[in-house]
Number of protein chains: 2
Amino acid sequence: MTNALEVTLPDGAPFIDYTREFDYPAARVFGAHVDPDTYAEWIGPDRLDTRIDVFDAVPGGSYRFVQTEGTEEYAFRGVFHSIRPAEFILQTFEYEGFPDQASLDFLRFEDLPDGRSRLVGHSVYPSLETRDSFVSSGMESGMAAGYDKLEQLLAFATA
Amino acid sequence: MTNALEVTLPDGAPFIDYTREFDYPAARVFGAHVDPDTYAEWIGPDRLDTRIDVFDAVPGGSYRFVQTEGTEEYAFRGVFHSIRPAEFILQTFEYEGFPDQASLDFLRFEDLPDGRSRLVGHSVYPSLETRDSFVSSGMESGMAAGYDKLEQLLAFATA
């Protein structure tokens, strides 16, 4: 996979920074983040199914989705602070199993030459301990698997 | 003023931590944060007047207010991620003059003996530079003046 997810965990600052390139334009990668049916197809690791409860990807809108694995359920929710098509999403993100430990997630979508694009993410946590808990929960492999599915969905839609 | 604002700026972490005690219960201090007319009376430094554009203090609600000083206008906006009456507010906060540099603000309201309470705030910024910009803009004196006004409003409403 040439478009691998790259994650950076700064020492001492409660951030997760990441980039992921795609063989598709920023508008299409952005679209997969704001369309609920598409989002449910790719978000998270392969073993989980995603059910969307609420997904109103507009400034001031809310979202909530539930990931299931057998009888286990993992619910996530947040609000969209800013949405600029094909360019920028700023949203909160909370795993309900870790209440009140929300992050603030900045997603920038940048076009590259040859119809490619780059997603640049910056997630800000309320403490270093919270950041490290998310990292040790297997977040990076789940993100990587999700973006691989996203790229496959775009390939399929293009084919 | 015995109930002075205390602000802590951790070295190297993009946080502003603060506490402020009040001679009134948590429910009343919380109420002054979610009622738009009351909020407009106390938020910010004395020299600014506040006009509320939007203020829907519920989980998933939005707010926007404009502070004016003569012909100058300063607009602020955000979304409420969590609201638990008399206990907790989790919201985003953006000064529109510094776009996309939103913070995530955690406000905890705690009752103390003798009908007093404590507000514990934790604001998380997307970078240390953003945090320091807010600090150098006179944020602390503006917050202190605002909480003094809030306490006076509660005293007036009680008298």
Pairs where the first residue, in the range A:121-146, is away from chain B (no Cβ under 14 Å) and the second is in a helix (DSSP H, G or I), C-beta under 8 Å, 6+ apart
A:GLY146/A:TRP42
Go through the residues of the range A:21-41 one by one and say whether even a single one is assigned to a strand (DSSP E or B) and within 16 Å of A:GLY146 (Cβ to Cβ).
yes
Determine which member of the set B:GLY12, B:GLY44 is within 15 Å of B:GLY142 (Cα to Cα), open to solvent by less than 60 Å² (accessible area, probe 1.4 Å), modelled with pLDDT under 95 and not polar (S, T, N, Q).
B:GLY44
Restricting attention to the range B:16-42, and to residues there that are hydrophobic (A, V, I, L, M, F, W, C) and over 18 Å from B:PHE88 (Cα atoms), which single residue is farthest from the other protein chains (Cβ to nearest Cβ)?
B:TRP42
Filter the range B:67-81 down to the residues that are assigned to a strand (DSSP E or B) and farther than 23 Å from A:PHE88 by Cβ, then identify the one that is farthest from the other protein chains (Cβ to nearest Cβ).
B:GLU69
Residue in the range A:77-136 that is nearest to B:SER123 (Cα to Cα), counting only those that are of a type in the set (Lys, Arg) and open to solvent by 40 Å² or more (accessible area, probe 1.4 Å)
A:ARG77
Filtered residues of the range B:15-33 (kept if more than 29 Å from B:SER127 (Cβ to Cβ) and either of a type in the set (Ser, Thr, Tyr) or open to solvent by less than 40 Å² (accessible area, probe 1.4 Å) (or both))
B:PHE22, B:TYR24, B:ALA26, B:VAL29, B:PHE30, B:GLY31, B:ALA32
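The values are calculated or read from the model by the stated rules, or taken from the named source; none is laboratory data. Quantities reported herein were computed from a predicted structural model and do not represent experimental measurements. For neighbour counting, all protein chains shown are included, and Cβ atoms are generated from backbone atoms with ideal geometry for every residue, glycine included. Note: areas computed on protein heavy atoms with side chains; ligands, DNA, RNA excluded. Shrake-Rupley method; radii C 1.70, N 1.55, O 1.52, S 1.80 Å.
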